[in-house]
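Here is the structure we will look at, set down as structure tokens.
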Amino acid sequence: MNEVKEQTRKRIRKKIAIPMVYIRHLLALMGEYGFDEQPLLMAAGIRPEELVQDDSTLDFERCDRLVTLCRQKSPEPGLGWHLGLRMNLASHGVLGTAVLASSSIGEMVNMSVQYMGTRFPLMVVSLDIKDEVAILQFDEAMDLGDNRRFYVEAYIGTHQVMRMFSYGPHASKGHDLHLALSKLDYYDDFDFGDMQVVYDQPAHQFRFPASYISKPLPMADDITREAAERKCQKQLEDMKVETGLLGKVLAFIRSREGVIPSLEQTADYLSISPRTLRRQLQEMDATYRDLINKERERLAIHYLQNSRLTVDEIAERLDYNDPSNFGRAFRKWTGHTPGYYRQQLEPEDS
């Protein structure tokens, strides 16, 4: 059974396309640390001629193999962060062009939410606005394995550059970064600007004042942005990566504003049968129940942090007929009861 599961995992990873330009940047970074690219390519099973093909991609299976080799050899523990920082907007193709030419921060964020899968299919991005705070959440679209921290750090570094290019040196002012990672010592060397970083959180999120959404951007160009967006849309339609299904399912679940949709409702939205949806998720080593429970966990933590709803009311909103079942599920997710979790959020009496 484990062998079949591993074969399925490898098959999926081979269908996920990573832009070759990112591989070139990683190899260039390793070159700065004194490592020749040829042995790395050979060990990862990548042919040198693949690197020079314009607009080419590399399957995630070999990309991840290369990342493992680079992490093992690199003297820099924060290799992913430095990879993200070395890439400017041009590195991200037409998505970078669309972001740079956006008329406002809100439009820029929407470009990222809609088309991130064309450049970085390892993350599913969503935007939520609650209590005058914009929450840009980036979820891992699949199990990223031992290199998980590398990919998350690379995404954060890339996002930093995007914001700096788009709206200047004060891009981090008033922003918080929530990470579902523990803090490591080398994070003290990362320059997060004015951004406050909070570790050990339930989800990866950039948080900033919702008023920023309407802020105009200096490089706005509607004609260029529209042309770039059309190309992004075509790339999205042409993509054959299986993470696309997960992204669509997660996006639909979150669009229901706290109401958990059934498998049948989601399948209807995707214009496929429930049986087909169930089968396609199973082929990706995922289940609809897993995705729903992930969303329930996110919503439960949100309600405990940001509302006065009782635990019973939260359980009802999350479609638990018995609050005790919700309590057991929450303990499984977080290691604590809902009541204890909320109690830890309350300020201590002075």
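The numbers here are math on the coordinates, done by the rules we state, and not lab data. Bear in mind the structure is a predicted one, so any value in this text is a computation, not a measurement. Note that each Cβ is placed from the backbone with ideal geometry, even for glycine, and that neighbours are counted across all protein chains shown.
Can you tell me which of 92-102, 133-143, 273-283 comes out highest on packing, and rank the rest after it, using the mean Cβ neighbours within 10 Å?
Numbers: 92-102: 23.5, 133-143: 18.7, 273-283: 14.4.
Per-residue Cβ counts within 10 Å, averaged per peptide and sorted highest first, yield 92-102, 133-143, 273-283.
Please report the relative contact order for segment 88-238, taking Cα pairs under 8 Å with a sequence separation of at least 6, and give it as a percent rounded to a whole number. Over segment 88-238, the number comes to 36 percent.
Reported to the nearest whole Å, the Cα centre-to-centre distance from segment 78-151 to segment 252-296 is 23.
Within 10 Å, Cβ to Cβ, of residue 262, how many net charges do the neighbouring residues add up to if Lys/Arg are +1 and Asp/Glu are -1? Mind showing how you got there, number by number?
On the way: positive: none; negative: 264, 268, 319.
Neighbour charge sum, excluding residue 262 itself: -3.
Residues 155, 115 in ascending order of nearby Cβ atoms (within 10 Å, fewest first): 155, 115.
Each principal axis of the Cα cloud of segment 248-339 was evaluated for its coordinate range; sorted largest first, these ranges are 39, 23, 20 Å. Comparing 52, 21, 125 in a Gaussian network model of the chain where C-alpha atoms under 10 Å apart are linked, the largest mean-square fluctuation is found at 52. Checking the cross-link pairs 15/73; 231/294; 15/231; 15/234; 14/248 against a 23 Å limit on the alpha carbon distance flags 15/73; 231/294 as lying beyond it. Take 76-82, 44-50, 116-122 and order them by the average number of nearby Cβ atoms within 10 Å per residue, most first; the result is 116-122, 76-82, 44-50. If you take every residue apart from residue 324 with its C-beta less than 14 Å away from the C-beta of residue 324, what net charge results, scoring Lys and Arg +1 and Asp and Glu -1? Cβ neighbours under 14 Å give a net charge of 0.
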